[in-house]
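Notes for the one structure printed next.
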């Protein structure tokens, strides 16, 4: 028996999101707790899964707030290091009229990239049924070694390995370096969540199916989940290709965290049925639920603290 359903390692940061103008006409930013791995865990916690996070924040007002928020939403923080000598990573998010966004990071260095292999809680890694990671914990050598150590331990413990490239070009010295680390992630994972622009970037294929086929041939990933924003999502599993339409809303204000919400919901179904227990009906159910939950999050600021309840998602699906 394992203590946690999902353990993640990676970035925990503050997303400063545009929240209107002051009386003087200056842009107001709202400090939303964020970071893709913990967004995924927050959704999984709403779905009843015990989760834990491994990472590092600074012992500053932002880091202490982030630790408090994780505890508030039910994520285990025993693997979170609060470093007196580091500063918590910050991201400023510019939202465009269509809900898409651009990021400016304050992270050179940021606490999340200062995690070392020696600081990884080995017992905590081994205690998870699923281990989830992204590439932001692979941008620099020290945290990259910590990530690779954790994945090795997770594999040895029999965990399912889940990967989301979550490409953020400004954080890489070069996109070739990003591509190399993404390729390593593909070689390790059992479940891949990837976005439309990421599959095109990595494979050079404009057609998503051709891009996915390239990945499947080279890396033999059992389950690939493709998020396509306003075009919905697809799942590729064995000889199945399942697609579900999106839930578009006029109330959408930003897409930050939507992909993480989608990914967390998909891991819920992997935990529910097992990687070997999926079929067309279950994949369709998975994508419908994940699309709906992601759609709800686009109507809210931030992600980590505003994940929808399961019954809210079901009601939303029923109302469409």
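Observations on the structure shown:
- Length available on full extension from residue 104 to residue 3: 0.36 nm per residue minus the Cα-Cα distance, which gives 32.7 nm.
- Gaussian network model of the chain, Cα within-10 Å springs - most flexible of 293, 178, 303: 178
- Shape call, segment 201-278: gyration tensor on alpha carbons, a/c limit 1.5: oblate
- Multiplying the residue separation of residue 96 and residue 239 by 0.36 nm and removing their Cα-Cα distance gives an extension gain of 47.7 nm.
- For segment 12-319, relative contact order (Cα pairs under 8 Å, six or more residues apart, normalised by length) works out to 17 percent.
- Computed Rg/Rh of segment 12-319, alpha carbon atoms with Kirkwood Rh: 0.94
- Alpha-carbon centroid distance for the pair segment 159-193 / segment 230-253, whole angstrom: 22
- Here is how the number arises for the chain: DSSP H runs of 4 or more residues each give -39500 (n - 2.57), the sum is divided by the residue count, and the result at 222 nm is -12000 deg cm²/dmol.
- Among 298, 116, 252, 135, the ranking by other beta carbons within 10 Å of each residue's beta carbon, starting with the fewest, stands as 116, 252, 298, 135.
- Within segment 47-74: backbone nitrogen closer than 18 Å to the residue 30 label point (7 Å, Cα to C-beta): 66, 69-70, 73
- Stretchable slack from residue 61 to residue 213, in nm (0.36 nm times residue separation minus alpha-carbon distance): 50.1 nm
- Residues 14, 61, 317 in ascending order of nearby Cβ atoms (within 10 Å, fewest first): 61, 317, 14.
- Cα gyration tensor, segment 8-138 - rounded (a/c under 1.5), prolate or oblate: prolate
- Label-reachable residues, segment 282-307, where backbone N falls under 18 Å from a point 7 Å from residue 251's Cα toward its Cβ: 289-307
- Alpha-carbon centroids, segment 100-146 and segment 34-64: separation in whole Å: 12
Every read-out reported here was derived from the displayed coordinates using simple, explicitly stated rules and does not represent laboratory data. Every value quoted in this text rests on a predicted model; they were computed, and no experiment measured them. Ideal geometry is used to build each Cβ from the backbone, glycine not excepted, and the neighbour counts take in all protein chains shown.
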